[in-house]
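We did not get these values from a lab; they are worked out from the coordinates using the rules stated. All values reported here derive from a predicted model rather than from experimental measurement. Cβ placement follows ideal geometry from the backbone for every residue including glycine, while neighbour counts extend to all protein chains displayed.
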Amino acid sequence: MRTLLKNGRILDPSQDLDIVGHLIIEDSQVVEFGEEVDLSEIDEVYDCTGMWITPGLVDPHVHLREPGQQHKETIVSGTQAAAAGGFSTICCMPNTDPPLDNPALVDFILDKSASPEAGGVFVAPVGALTVNMAGERLTDLSALKRAGIIAASDEGFPIQNSAMMQQAMEFCVQLDLPIMAHCEDLSLTEDASMNEGAVSAMLGLKGMPRSAEEIMVMRNCLLSLHTNCQLHIMRVSTWGAVEMIRQAKYLGAPVTCEICPMHFTFTEEAVGEFDTLFKITPPLRTQLDIDMIYQGLNDGTIDCISSDHSPHASHEVEVPFEEAPFGHSGLESTVGVTLTMLTHRGVLSPLETIRKLSTKPAEILRLEAGTLRPGETPVAQVTVIDPECEWVFDRHKTFSKSKNSPFHGMTLKGKAMLTFCGSEIYRDALFSDDRYTINE
Amino acid sequence: MPRNLLGIRHLAQDDINELISLAADFKLRIIEGKAVPELSKEVVGMLFFENSTRTRVSFEQAAHYLRMKTANFSAGSSSMSKGETLKDTILTLRYERLNGLVMRHRMSGSTALAARYFGGPVLNAGDGQHEHPTQALGDALTVLERKGQIKDLTVAIVGDVEHSRVARSNAWLFSKLGAEVRFVGPRTLIPAHPQLLPGEVYHDLRNGIEGADVIICLRLQKERMAQGLLSSISEYASMYQVNRETLRWANRECLVMHPGPLNRGIEVDDVAADGDHSVITTQIENGIFVRMASLYWVFTSEAKPSSPPELKVKTAKAKTPAKAKRTAAGAKKK
């Protein structure tokens with residue numbers, strides 16, 4: 001079986017490649033790409049004229065909710081949503097019920113995500129750093145690593161005790177395991193539900209001060225600097241956090257970070273009249289933060305973009321603001337929002353956009369993904385994006401089980417049209433039939 | 001959309017003036033024993049998820065004068081204590097064919113949520129730390145009676161502004177009617193980012209109430225100490241108590257107000273609470289008339305649909321009630 005992706009703009013940040021050409025997938029592997037390729041014995045052709053051909057996208061931060069919270073999402077629905085969002089590899093977070101703190105659960109997730117009903121994407125589990133994510137006792141990280149975790153994190157229950165965090169880092173250095181950290185000083189955010197600012201003051205909601213995030217960013221960067229533990233900071237939201245990460249990198253700390261589309265799209269004002277769809281942690285901040293996030297994306301301080309896919313059922317979201325859970329269902333909007341808010345506005349070039357959505361997260365978490373080079377991924381991982389496709393995001397038409405998207409109704413420019421992981425795992429309805437031919 | 005009264009922040013100046021003049025008219029009629037409009041076909045749910053004595057009694061009285069029927073719920077006895085979500089509780093009340101809701105809840109924004117699902121008028125009787133619109137309307141009526149106008153007055157709101165829905169509603173109301181609003185209190189109890197609130201911040205009591213025509217004292221909740229926001233009650237009292245001495249800094253004709261319940265000896269002393277400056281008892285009484293006005297205002301809005309609107313049984317189609325006139329003067333005379 002030889003598949004030709006014809007006449008697309010090939011963007012591969014792993015080789016700084018930006019050319020118009022063709023790509024051939026043969027027997028589940030990328031075998032060749034370039035301006036001139038061997039066009040003999042082609043079985044099927046996807047006409048990618050006007051579209052981008054990129055390495056399969058990599059999402060470092062997804063909540064699949066299984067086991068235990070299947071009313072929000074399942075491994076099957078979540079991986080299907082990932083494929084539809086253009087992702088061929090995703091990292092799933094450990095805050096399931098029970099949390100991902102033992103090897104048997106890692107096996108369960110790997111098995112389930114490889115089942116034929118699932119979306120066909122690679123799932124790379126992130127294990128819990130402490131037992132039950134209680135911040136008291138480290139998990140058996142070596143056993144978890146053997147079972148297949150690619151990083152460790154206590155996600156939304158960040159370790160508060162600095163000595164504990166330092167120990168965790170020492171272990172992770174020895175095991176060569178990155179730590180993914182949500183940075184929040186919980187003593188400053190008790191009962192708080194949005195950014196501490198003018199809007200929270202007006203709405204009478206307790207606010208999360210920016211210092212709550214920045215204190216922990218700084219602490220974790222310092223611990224990383226002194227232990228040399230690889231630290232990946234999840235979803236930064238303040239200009240101060242960006243600046244501290246910039247400094248930490250300058251000092252030589254092995255630190256990286258990500259941003260989620262909500263944080264470069266909306267400010268605290270989006271909360272409006274207590275709209276729970278805009279409740280996220282860290283919270284939506286201000287225009288100044290967005291401006292500085294643009295800068296951080298541009299100069300490479302912010303390494304990558306994650307969907308921070310956090311599905312929640314409707315009945316959990318349709319409650320008073322303070323009771324609502326944090327986060328949004330983001331796998332299927334991330335490409336559209338990123339291209340609309342960053343690429344088309346000139347914040348990121350197309351090549352840099354794909355670097356942050358694929359090559360860089362793969363590199364940080366050492367995943368066999370993020371490149372089109374033949375043989376460097378277990379199977380071909382390729383995404384085709386139509387950067388000019390204008391579409392209205394409709395949360396009722398998603399694969400995710402949860403509909404908690406703040407992007408509902410927004411017109412987006414840019415959409416994943418095809419996702420390949422070995423073979424085609426997703427073809428968008430907007431990819432016209434004329435563009436696909438089978439050679440008899 | 002039915003008309004709601006969820007907060008002062010959303011009201012136009014005309015709406016506020018209409019509500020206050022309706023209340024003044026009702027007050028006159030009640031005192032003179034004249035007829036007031038009857039809304040005897042309306043059943044309003046009294047939904048108090050948070051304890052309240054005065055606001056609840058005041059709304060009950062208001063409904064009684066308007067001949068409305070009330071249905072009572074409280075947090076302990078409602079199915080919320082059995083784990084029902086607020087949305088489901090509200091939908092249940094909608095299909096119990098209640099015509100309107102008066103609601104108090106400890107979460108900011110919860111009455112807006114209720115209004116989204118209820119389908120009839122919802123009146124906010126206090127939502128978390130967000131708004132308490134009828135308290136502010138009663139306070140405005142009280143000031144208007146004593147001062148003749150609100151425009152150009154200086155209104156100082158003293159105390160725990162950060163956690164106070166009374167402070168927010170009053171600040172919106174007095175500023176919308178042209179008064180200068182000041183927030184006075186310690187840094188830990190004043191919002192750190194007050195830019196979107198209509199008032200100037202003062203951390204010193206003397207500067208804050210100097211020249212004030214109205215001082216609204218806020219209740220200091222003792223739990224603020226446990227949260228570390230205050231070092232001691234006595235320290236707070238020594239810095240922010242409105243009393244015989246500190247009142248001298250304000251305008252000679254200054255009014256002292258308090259939403260209650262009072263902590264005598266903490267935010268006010270007896271002289272401030274009971275003396276010539278105090279209008280606290282009038283505030284309580286006027287609370288009834290502004291709540292009458294509020295109920296009348298939401299229930300006679302032309303935008304009000306029959307409730308529940310999706311009812312599909314044709315024979316049971318509710319007749320559109322005859323349009324009530326928009327002022328109490330249109331009430332039938334006995």
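What is the projected area of the convex hull of the Cα atoms of the protein assembly as shown, averaged over all directions, in nm²?
Details: hull surface 150.7 nm².
Mean projected area of the Cα convex hull: 37.7 nm².
Please sort by residue number the GluC sites (Glu not before Pro) in the range B:198-274 whose DSSP state is loop and whose Cβ has at most 14 other Cβ atoms within 10 Å.
Working: sites: B:GLU200, B:GLU210, B:GLU223, B:GLU235, B:GLU245, B:GLU253, B:GLU267; in loops: B:GLU210, B:GLU245, B:GLU253, B:GLU267.
Listed in order of number, the matching sites are B:GLU245, B:GLU253.
For the range B:118-203, what is the convex hull volume of its Cα atoms per residue in Å³? Don't jump to the answer; show the numbers that get you there.
On the way: hull volume 9.0 nm³, N = 86.
For the range B:118-203, the hull spanned by Cα atoms encloses 105 Å³ per residue.
Classify the range B:230-279 from the C-alpha gyration tensor, please: rounded if a/c falls under 1.5, else prolate or oblate depending on whether a/b exceeds b/c. Could you put the intermediate results ahead of the total?
Numbers: a/c = 2.41, a/b = 1.49, b/c = 1.62.
Oblate, since a/c reaches 1.5 and b/c is not below a/b.
What percent do you get for the relative contact order of the range B:133-282 when only Cα pairs under 8 Å and 6+ apart count? Display every interim value, and only then the final one.
Numbers: 281 pairs, mean separation 34.1, N = 150.
Relative contact order comes out at 23 percent.
Within the range B:122-174, which trypsin sites (Lys or Arg not before Pro) sit in a loop by DSSP and count at most 11 neighbouring Cβ atoms inside 10 Å? Don't skip to the answer; put the middle values down first.
Values: sites: B:ARG146, B:LYS147, B:LYS151, B:ARG165, B:ARG168; in loops: B:LYS151.
Qualifying residues, ordered by number: B:LYS151.
Suppose R0 equals 45 Å. What FRET efficiency, 1/(1 + (r/R0)^6) with r the Cβ-Cβ distance, do A:LYS397 and B:SER231 give to the nearest 0.05? Working shown, then result.
Details: r = 56 Å, r/R0 = 1.25.
So the FRET efficiency works out to roughly 0.20.
Which whole-Hz couplings ³J(HN,Hα) result when phi for each residue of the range A:146-159 is put into the Karplus expression 6.51 cos²θ - 1.76 cosθ + 1.60, θ = phi - 60°, listed in order with x for Gly and Pro?
4, 6, x, 6, 10, 6, 10, 7, 9, 6, x, 10, x, 4
Between the range A:274-350 and the range A:22-86, what is the separation of their alpha carbon centroids in Å?
Spelled out, the Cα-based centre of one part sits 23 Å from the other.
Report, to the nearest 10°, how far helix A:239-251 tilts away from the longest principal axis of the Cα atoms in chain A, using its own Cα long axis and a range of 0 to 90°.
Orientation of helix A:239-251: about 80 degrees from the principal axis.
Take chain B, connect every pair of alpha-carbon atoms lying under 10 Å apart with a spring to form a Gaussian network, then pick out the residue of B:ARG248, B:ARG182, B:ARG94 with the largest mean-square fluctuation.
Its mean-square fluctuation being the largest, the pick is B:ARG248.
In a Gaussian network model over chain B where Cα atoms closer than 10 Å are linked, find which of B:PHE299, B:PHE289, B:PHE73 has the largest mean-square fluctuation.
The residue that fluctuates most here is B:PHE73.
Once you average over the residues of B:158-165, how many Cβ atoms of partner chains fall within 10 Å of each Cβ?
Values: counts 0, 0, 0, 1, 3, 2, 1, 1.
The per-residue average across the peptide is 1.
Which translational diffusion coefficient, to the nearest whole µm²/s, is obtained for the range B:261-301 from the Stokes-Einstein equation, given a Kirkwood hydrodynamic radius over C-alpha pairs, 10 °C and 1.306 mPa s? Don't jump to the answer; show the numbers that get you there.
Details: Rh = 12.1 Å.
Once the numbers are plugged in, D ends up at 132 µm²/s.
Karplus couplings for the range A:397-411 from phi (6.51 cos²θ - 1.76 cosθ + 1.60, θ = phi - 60°), rounded to Hz, Gly and Pro as x?
10, 9, 7, 4, 5, 9, 10, 7, 10, x, 8, 3, x, 7, 7
Would you work out if chain B is rounded, prolate or oblate? Take a ≥ b ≥ c from the square roots of the eigenvalues of the alpha-carbon gyration tensor; rounded if a/c is under 1.5, else prolate when a/b is larger than b/c, oblate otherwise.
Values: a/c = 2.21, a/b = 1.54, b/c = 1.43.
It comes out prolate by the Cα gyration axes.
Can you give the average number of partner chain beta-carbon atoms within 10 Å of each beta-carbon in peptide B:190-200, as a whole number? Before the final figure, lay out each step's value.
Details: counts 1, 8, 7, 12, 3, 5, 8, 3, 1, 0, 0.
Across B:190-200, the average partner-chain Cβ count within 10 Å equals 4.
Could you grab the relative contact order for chain A? Cα pairs under 8 Å, six or more apart, rounded to a whole percent. Walk me through the numbers before you get to the answer.
Working: 1107 pairs, mean separation 89.2, N = 440.
Averaging sequence separation for qualifying contacts and normalising by length gives 20 percent for chain A.
Where does the Debye-calculated log10 I(q)/I(0) of chain A sit at q = 0.10 Å⁻¹, using only Cα point scatterers of equal weight, no solvent?
One equal scatterer on each Cα of chain A leads to -0.65.
Would you calculate a helix-derived [θ] at 222 nm for chain A, using -39,500 (n - 2.57) for each DSSP H run of n ≥ 4 and dividing by the full residue count, to the nearest 500?
Values: 13 runs with 116 residues, N = 440.
Mean residue ellipticity, 222 nm, calculated: -7500 deg cm²/dmol.
Compute the angle between helix B:280-299 and the longest alpha-carbon principal axis of chain B, please, reported from 0 to 90 degrees and rounded to the nearest 10.
Between the helix axis and the principal axis of chain B, the angle is about 30 degrees.
What list of ³J(HN,Hα) couplings, whole Hz, do you get for the range A:93-103 from phi and the Karplus terms 6.51, -1.76, 1.60, once you set θ to phi - 60° and write x for glycine and proline?
Computed from phi, the couplings for the range A:93-103 are 7, x, 7, 8, 10, x, x, 7, 10, 9, x Hz.
Work out the charge dipole of the protein assembly as shown with +1 on the Cβ of Lys and Arg and -1 on the Cβ of Asp and Glu about the Cα centre, then indicate which of B:VAL214, A:ASN220, B:LEU28 is farthest towards its positive end.
Result: B:LEU28, furthest along the dipole toward the positive end.
Per residue of B:100-110, count partner chain C-beta atoms within 10 Å of its C-beta, then hand back the mean as an integer.
Numbers: counts 0, 0, 0, 0, 0, 1, 2, 9, 10, 12, 6.
Taking all residues of B:100-110 together, the mean is 4.
So what's the angle, to the nearest 10 degrees on a 0 to 90 scale, between helix A:162-175 and the longest Cα principal axis of chain A?
30
Could you tell me the distance between the Cα centroids of the range A:403-432 and the range B:233-253, to the nearest Å?
The two parts, judged by their Cα centres, are 64 Å apart.
For a 21 Å ceiling on Cα separation, which of these pairs sit above it: A:LYS72/B:LYS87; B:LYS151/B:LYS176; A:LYS112/A:LYS145; A:LYS112/A:LYS356; A:LYS356/A:LYS413; A:LYS249/A:LYS356? Don't skip to the answer; put the middle values down first.
On the way: A:LYS72/B:LYS87 19 Å; B:LYS151/B:LYS176 9 Å; A:LYS112/A:LYS145 18 Å; A:LYS112/A:LYS356 28 Å; A:LYS356/A:LYS413 18 Å; A:LYS249/A:LYS356 17 Å.
Pairs exceeding the cut-off: A:LYS112/A:LYS356.
Taking N as the number of residues in the range A:327-440, what value does Rg over Cα atoms divided by 2.2 N^0.38 Å take? Please report the intermediate quantities before stating the final value.
Values: Rg = 15.2 Å, N = 114, 2.2 N^0.38 = 13.3 Å.
In units of the 2.2 N^0.38 Å rule of thumb, it is 1.14.
Report the charge-dipole magnitude of the protein assembly as shown in Debye, nearest 20, computed about the Cα centre from +1 at each Lys and Arg Cβ and -1 at each Asp and Glu Cβ.
My answer is approximately 4660 debye.
I want to verify a result. In a Gaussian network model of chain A, Cα cutoff 10 Å, which of these has the top mean-square fluctuation: A:ALA241, A:ALA81, A:ALA270?
The residue with the greatest mean-square fluctuation here is A:ALA270.
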